[in-house]
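*Asks:* Below: one structure in structure tokens.
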Amino acid sequence: MKTFCPSLISCMKSYSKAQFVKDLVSGVIVAIIALPLSIALAIASGVGPEVGLYTAITAGLLVALLGGSPVQITGPTAAFATIVAGIVASQGIEGLAIATLMAGVILILMGVLKLGGLIKFIPYTITTGFTSGIAVTILVGQLKDFFGLTFTHSPVETMEKIEEVIHTFGTVNIWAVVIGILSLAILLIMPRILPKVPPALIAVVVCAVVVKVFDIPVNTIGILYPDISAAPPKFTLPAGLNWDKIVSLVPDAFTIAVLAGVESLLSCVVADGMVGSRHNSNTELIAQGIGNMGSALFGGIPATGAIARTAANIKNGGRSPISGIVHSLLLLAMLLVLMPYAKLIPMPTIAAILFVVAYNMSEWREFVAIVRSSPLSDVLVLVATFVLTVVFDLVVAIVVGIILATVLFMKRMADGTAVEGWKVADYADDPDSIRFKNVPADTMVYEITGPIFFGAADKVAAIFSSADKKVIILRMRSVPIVDASGIHSLETIVETCHKKGLVLIMSHVNEQPMKTLRKAGLVEEIGEDNFCANIDEALERARAITESAAEAH
């Protein structure tokens, strides 16, 4: 598979008029869905409402043109909301733009270096943990607008927001709660009545009309963002670009790049299952990198593949990047025409939309299923990632989660490595006896099961307990790999054999261990003749050695 091969090129080879009509309809529907979501996610990210549309227009168009999936829809997503808000609070809009540019470069490099396949090495417990954690942070972040609270501080961290909500809950605006509940009711009920119409759009229109007609005293986008712009995105280089700024933003850039890569490729995998296609992961990473760089240069925020919008695209007949292109161009038209009316949207409605987004992305069923049915180690990784995402941030959660998952995985691997000694079949009731093998006298057979790596090397190194034998056979048919620590343990065994005058025979050594032993010089040291294809051959070799030794005496 080529590193960079946009799906648009392959789709155009067999494109038809009938498919164009389906893509056109799907693109229009996805744009209608994306309009309120893009505005809501921009507000949740601490930037202006129009910035969400800039992101969906620019990144959505570039990824549709260059991406590795024919049905991927790219734009702002809930996963980025808290991260973006934190960067804006600490580094400002310019800092966010620089970090997003850097993240774009990192994503392109990941694609060029063919790292797209690494997605499978991120445990499901970690992705579920941080996704559920992000959902909680989004929900907490919208409590202020849903209840119409008047904060005395401007908290950034989730725990600080919870504390501020508790302290200022006496300032609750009943009218805001009423509009919020009305919005939630529309979002939950309308899909059953009008399944083809995006419920968020209905909620926005109905609640905006109600607030305007009855002059209800709640905050609207226009009140909080009076300078909202209906102008198209403009090319702008971020100010304050210098080496010190770049260095300080490296952690943020890597966070954006990793999250954008993971969520985009997860979205591609989901899409593959829905349409029976196969995406090009490296092409998708390169396209996401270019899309994020374009978003930053045209006033947007970080973008990634949006699983919900991608699924909506598929369900409505979209099967080529044309639907993604239509979605972006229609959003541009909506920005130019409808943005002045966005000022009428009540903030409790935005909060309600994000409540539903948070619920849909929370994966609480998967969370509960893992807790109920998985080993304790997996539950520990899941809960740790979830808690750290909520209490600290996504960077800490992912780093600690991966480290914890790796350590626990190595422990499981080490626990699965066993070294067992065969006993000569002197007693029929001996559970360790070899009933069907004739082991020569003065011979000890050890069977090693599992990888010989640094987590289990001590088990192999502790093999010798009897010096009265003349031959030691290591049966290695169940050893898939040997690492440097394993080689060191085997070197210790060889050295001990030389000191005690024992002959070491290796039985059924697999390909990777054999290559590693040969590179380490152990094959030559042990002797080619002492490497046998199977246990029967090894036992015959041991018999010849012990009989020869007996005749010599």
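Read-outs throughout are calculated quantities, based only on the coordinates presented, and are distinct from any laboratory measurement. Given the structure is predicted, the values throughout are model-derived calculations rather than measurements. Cβ: placed from backbone, ideal geometry, glycine included. Neighbour counts: every protein chain shown.
*Asks:* Given the pairs Lys161/Lys245; Lys114/Lys234; Lys144/Lys212; Lys17/Lys196; Lys114/Lys515; Lys196/Lys343, which span a C-alpha to C-alpha distance of over 30 angstrom in this model? Kindly include the intermediate steps, with their values, before the conclusion.
*Replies:* Numbers: Lys161/Lys245 28 Å; Lys114/Lys234 32 Å; Lys144/Lys212 21 Å; Lys17/Lys196 23 Å; Lys114/Lys515 26 Å; Lys196/Lys343 26 Å.
Long pairs (Cα-Cα over 30 Å): Lys114/Lys234.
*Asks:* Oh, and also: Provide the net charge surrounding Glu164, with neighbours chosen by a C-beta distance below 12 Å and charges set as Lys +1, Arg +1, Asp -1, Glu -1.
*Replies:* Values: positive: Lys144, Lys161; negative: Glu157, Glu160, Glu163.
With Lys, Arg at +1 and Asp, Glu at -1, the net is -1.
*Asks:* Mind listing which trypsin sites (Lys or Arg not before Pro) in segment 6-109 are in a DSSP loop and have 11 or fewer other Cβ atoms within 10 Å? Intermediate results must be reported in sequence, preceding the final value.
*Replies:* Values: sites: Lys13, Lys17, Lys22; in loops: Lys13.
Answer by residue number: Lys13.
*Asks:* Still on this structure, please answer the following. Let me check I've understood the local charge: for Lys144, count other residues with C-beta under 13 angstrom from its C-beta, Lys and Arg +1, Asp and Glu -1. What total comes out? Walk me through the numbers on the way to the answer.
*Replies:* Values: positive: Lys161; negative: Asp145, Glu160, Glu163, Glu164.
Counting the neighbours of Lys144, the net charge comes to -3.
*Asks:* Sticking with this one: State, to one decimal in nm, how far the label point of Val213 lies from the label point of Phe409, with both points 7 Å from Cα in the Cβ direction.
*Replies:* 5.8
*Asks:* Output the 0 to 90 degree angle, nearest 10, between the alpha-carbon long axis of helix 484-500 and the longest principal axis computed from the alpha carbons of the chain.
*Replies:* So the inclination is approximately 10 degrees.
*Asks:* Please report the antiparallel percentage of the DSSP beta bridges confined to the chain, to the nearest 5.
*Replies:* Beta bridges within the chain, antiparallel portion: roughly 30 percent.
*Asks:* Please find the FRET efficiency linking Met12 to Lys114, where r is the Cβ-Cβ separation and R0 is fixed at 25 Å, and quote it to the nearest 0.05.
*Replies:* With a Förster radius of 25 Å, E is 0.50.
*Asks:* Working from Cα positions, state the angle (0 to 90°, nearest 10) between the long axis of helix 17-44 and the longest principal axis of the chain.
*Replies:* Once rounded, one gets 80 degrees.
*Asks:* Here is a further query. Taking just the alpha-carbon atoms of segment 14-53, what radius of gyration and Dmax come out, in angstrom?
*Replies:* In order Rg, Dmax, the Cα atoms of segment 14-53 give 14.4, 43 Å.
*Asks:* Now for a different question. Normalised by the residues of the chain, what does the relative contact order come to in percent, with Cα pairs under 8 Å and at least six apart?
*Replies:* Values: 1019 pairs, mean separation 122.8, N = 553.
After rounding, I find 22 percent.
*Asks:* Please state the shape class of segment 182-299: rounded when a/c is under 1.5, otherwise prolate if a/b exceeds b/c and oblate if not, all from the C-alpha gyration tensor. Walk me through the numbers on the way to the answer.
*Replies:* Working: a/c = 2.82, a/b = 1.31, b/c = 2.14.
Because a/c hits 1.5 or more and a/b fails to exceed b/c, segment 182-299 counts as oblate.
*Asks:* Continuing with this model, one more query. How do the peptides 247-260, 222-235 rank, highest first, by the average count of neighbouring beta carbon atoms within 10 Å per residue?
*Replies:* On the way: 247-260: 20.1, 222-235: 13.6.
Taking the mean over residues of other Cβ atoms within 10 Å, the ranking is 247-260, 222-235.
*Asks:* Let me ask you something else. Given N residues in the chain, what is its alpha carbon radius of gyration divided by 2.2 N^0.38 Å? Show your work: numbers first, answer last.
*Replies:* On the way: Rg = 31.1 Å, N = 553, 2.2 N^0.38 = 24.2 Å.
That ratio works out to 1.28.
*Asks:* May I ask you to evaluate 6.51 cos²θ - 1.76 cosθ + 1.60, the Karplus curve with θ = phi - 60°, for each residue of segment 388-394 and list the ³J(HN,Hα) values in order in whole Hz, giving x for glycine and proline?
*Replies:* Per residue, the Karplus-derived 3J(HN,Hα) values read 5, 5, 6, 7, 10, 7, 5 Hz.
*Asks:* A further question follows. Determine, from the Cβ-Cβ distance of Phe20 and Ile189 and an R0 of 35 Å, the FRET efficiency 1/(1 + (r/R0)^6), rounded to the nearest 0.05.
*Replies:* Working: r = 35 Å, r/R0 = 0.99.
Plugging the Cβ-Cβ distance into 1/(1 + (r/R0)^6) gives 0.50.
*Asks:* All other residues with a Cβ under 13 Å from the Cβ of Gly299 taken together, and with Lys, Arg as +1 and Asp, Glu as -1, what is their net charge? Walk me through the numbers before you get to the answer.
*Replies:* Details: positive: Lys234; negative: Glu50, Glu94.
It works out to a net charge of -1.
*Asks:* On to the next question. Counting helices only, and only those DSSP H runs with n ≥ 4, report the 222 nm mean residue ellipticity of the chain as the sum of -39,500 (n - 2.57) divided by its residues, in deg cm²/dmol to the nearest 500.
*Replies:* Result for the chain, helices only: -21000 deg cm²/dmol.
*Asks:* What nm value, rounded to one decimal, do you get for the distance between Lys234 and Thr3 when each label is placed 7 Å out toward the C-beta?
*Replies:* Each label point is offset 7 Å from its Cα along the Cβ direction, giving 3.7 nm.
*Asks:* Starting from the Cα of Ser377, step 7 Å along the direction of its Cβ; do the same at Ser248; then give the gap between the two resulting points in nm.
*Replies:* Result: 4.2 nm between the two label points.
*Asks:* Tell me the angle of helix 78-112 to the major Cα principal axis of the chain, expressed in degrees between 0 and 90 and rounded to the nearest ten.
*Replies:* Taking the Cα atoms of the chain, the angle to 78-112 is about 50 degrees.
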